1. What does the charge count around residue 173 come to, taking other residues whose C-beta lies under 14 Å from its C-beta (Lys +1, Arg +1, Asp -1, Glu -1)?
2. Pop out the ³J(HN,Hα) list for the stretch 40-57 in order, Karplus 6.51 cos²θ - 1.76 cosθ + 1.60 with θ = phi - 60°, rounded to Hz; leave Gly and Pro as x.
3. Report the Stokes-Einstein translational diffusion coefficient (µm² s⁻¹, integer) for the stretch 30-135, Rh taken as the Kirkwood radius over Cα pairs, at 4 °C with viscosity 1.567 mPa s.
4. How would you order 201-208, 60-67, 167-174 from highest to lowest mean count of nearby Cβ atoms within 10 Å?
5. Could you list which residues have their amide H under 5 Å from that of residue 133, counting only those 5 or more apart in sequence or on another chain, with H placed in the peptide plane?
6. Where Rh is the Kirkwood radius over the Cα pairs of the stretch 110-196, the temperature 20 °C and the viscosity 1.002 mPa s, what D in µm²/s does Stokes-Einstein return?
7. Let me have the relative contact order for the stretch 113-209, percent, based on Cα pairs under 8 Å that are six or more residues apart.
8. Per-residue HN-Hα couplings for the stretch 122-136, Karplus 6.51 cos²θ - 1.76 cosθ + 1.60 at θ = phi - 60°, whole Hz, x for Gly and Pro?
Amino acid sequence: MKSLLLTLAVLISMAYSTCLRAQEQFKILFLNESPIEIGGKSCQVNDIINSTDNIVWKSQKQVMKILNLTNQRQSILAARGFNKRKYRTISSYLTQKKRLSTRDGEALLLPQLKDYLSNTFYLIDSIFVKTLVPIDDNHFFYADYQYEGEVIHKRLPVTSNGFLIDFSLYIIDGDSIPPFETNANIFYYDKLKEEVIPITNKMHIVPVE
């Protein structure tokens, strides 16, 4: 009898631990339209939420940035992305996102960059993209997009081991223009070989107000 009770206690403890691991916690870092209903509660910036909580978006423009308190990874959640595929919880959205695209935070080669950048990106602040290919004065990435009937070419800002997609996209000849939703083509340029390598023509950028 004691052996059976001990076995049951161990099984219950294991099940409880598995449940805790499955339900991760996140901190809200940014919310463009506050508050938001999550898990039946009215939530704002700095509130803690669970990955299994239902999210009730108040509008299609609502966007939220969250921090995973376990691995410190940041993610952006948008009402449009959730509603398009009828997600209800953070865990269902992030699980599907990982399956469909390259994981955030990895240093990527050009074929991987194509998959990673062929998505919708919600521009709150700078989006940092790590890459394994050379980046210097002779090797860099640039974006093309349409503005008032013209093609705008923008060299993307360089970091120590990657590049940025940020609001400098909307500076033309030194003048800022109102950020707008747009499709962008991304290229890699090798100046030494005078070679332009197309990366993707399926990047969609949505500035968040």
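Since every read-out is calculated from the coordinates, none of them should be taken as a lab result. Small disclaimer: the values here were computed from a predicted structure and weren't measured. Cβ atoms come from the backbone with ideal geometry, glycine included; neighbour counts cover every protein chain shown.
1. Combined, the nearby Lys, Arg, Asp and Glu give -1.
2. x, 10, 7, 10, 9, 4, 5, 6, 9, 10, 9, 5, 9, 6, 6, 10, 10, 6
3. Answer, rounded: 87 µm²/s.
4. Those peptides, ordered most packed to least, come out 60-67, 201-208, 167-174.
5. none
6. 155
7. Details: 181 pairs, mean separation 35.7, N = 97.
Taking the mean separation of contacting Cα pairs over the length of the stretch 113-209, I get 37 percent.
8. Values, residue by residue: 8, 8, 9, 9, 5, 9, 8, 10, 7, 9, 9, 7, x, 9, 7 Hz.
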